[in-house]
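The values are calculated or read from the model by the stated rules, or taken from the named source; none is laboratory data. Not measured: the values here are computed from a predicted model. When we count neighbours, we look across all protein chains shown, and the Cβ atoms used for this are built from the backbone with ideal geometry, even at glycine. Areas reflect the complete protein model, heavy atoms only, side chains present, ligands, DNA and RNA absent. Shrake-Rupley method; radii C 1.70, N 1.55, O 1.52, S 1.80 Å.
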Amino acid sequence: MIPVTKPYLPSRENLDKYIDGIYERQWLTNNGQLVQELTRRLERYLGVENLLLVANGTLALQIAYRALGVSDARPEQDPEAITSPFTFIATASSLKWDGVEPVFADIDPGTWCLDPINIEKVITPNTRAIVPVHVFGNACDVEAIDAIAQQHSLRVIYDASHAFGVKYKGESLLKYGDAATLSFHATKLFHTGEGGAIIFKRKEDLERAKKMINFGITGPETIEELGINAKMNELQAAMGLCVLDEMEENLKARADVWHRYEKELSKTLQLQAKHGALGYNYAYFPVVFESEERTIRVTATLKQNGVLARRYFYPSLESVDCLDAKIDQPISKDIASRILCLPIYSGLEEVDQRVILSVLTEND
Ligand SMILES: *Cc1c(COP(=O)(O)O)cnc(C)c1O
């Protein structure tokens, strides 16, 4: 079977070297040497400051909400945050889990990111934040979102789980918002098995979050505030350092796959409309068909040919019962019903990609 994605497995020899170091130091977690090294190297690689490594991308969102005062210990205040219905469940469920009501605003039909015009319509006195998603690594309309946030005194936390290494107007896209979060799950472009990071705009927010990820403990006998366990460990960091060492090869292989798809499919299928100023990371290749019926048919034909393409993000999140969303999001619902993500990973052979392309072009 050809999967939709494969975790990138770096050189075993390199990984063994890092693991030897862990055995020598006998230090497994709590801000160890490798976590510190990965923090520095990621800041340099991404061109950002104030980066905090955490245990996964969902905790990255939750710690960001807490450090920025979006979620707090007073749920009777009914806080709300405006977010996208067209994303992985964790963006919205992490808000709900922390007592913040996710309020959806519909997406732009071309870029599939939150449409700023729809954000303004759902702001209430209880709105504390906007949580937009740079979906599939595309940049949100960051200027318009920043302007709305300023005008209404709202926090902005970008779920940038898909946007590792993405540049916007020549600089890291992760610099926008009060914070941006990354997921380093095994299936993501850059990964640590499980893991994640938060990039804060301000140093004081980073310092606050640092305490929060280690139970609020600040010394052997001091607990300064309410915290949780969200620390990354040394084994995760070792994997990350090795994946980062091979990032150029990984990116090049994905870019080759991405460009072959684009060349063959851009005339007949709807692709994501990318921001002009975007430096893309080739993490995903979603296509949109003219009908849900054809989407289901192509998915089945691909499966008969040994290819597991995935319908994501489907379903649109306003239809997920446990999120209690009451309002229809017609554009997100429509795109979600017709979208398919095609296999893309380093190591996907051109012959296998040809099989996928022939199914997609035959089924016109
Ligand atoms: C992967 C992902 C997450 C969750 O990250 P984990 O590391 O799996 O917890 C959150 N949001 C989006 C958009 C994602 O794709």
*Please list, ordered by first then second residue, the pairs with beta carbon atoms under 8 Å, 6 or more apart or interchain, first in the range 156-184 and outside the structural domain of LEU114 (by TED's automatic domain parsing), second open to solvent by 10 Å² or more (accessible area, probe 1.4 Å) and of a type outside the set (Lys, Arg).*
none
*Residues of the range 157-175 that turn out to be surrounded by fewer than 24 Cβ atoms within 10 Å (Cβ to Cβ) and either over 10 Å from the mean Cα position of the chain (by Cα) or assigned to a strand (DSSP E or B) (or both), as a count*: 9
_Condition first: open to solvent by 10 Å² or more (accessible area, probe 1.4 Å) and in contact with a strand residue (DSSP E or B) (Cβ under 7 Å, 6 or more places away or on another chain). Now tell me which residues in the range 36-47 satisfy that._
THR39, GLU43, GLY47
*asked:* The conditions are (1) open to solvent by less than 40 Å² (accessible area, probe 1.4 Å); (2) away from the ligand (no atom under 16 Å from the Cβ); (3) over 29 Å from ILE119 (Cα atoms); (4) in a loop (DSSP other than H, G, I, E, B), and THR5 fails exactly one of them. Which is it?
replied: (2)
*Cross-chain or 6+ apart pairs with Cβ under 7 Å, the range 279-297 first and over 20 Å from GLN353 (Cβ atoms), then part of a strand (DSSP E or B)*: GLY279/LYS167
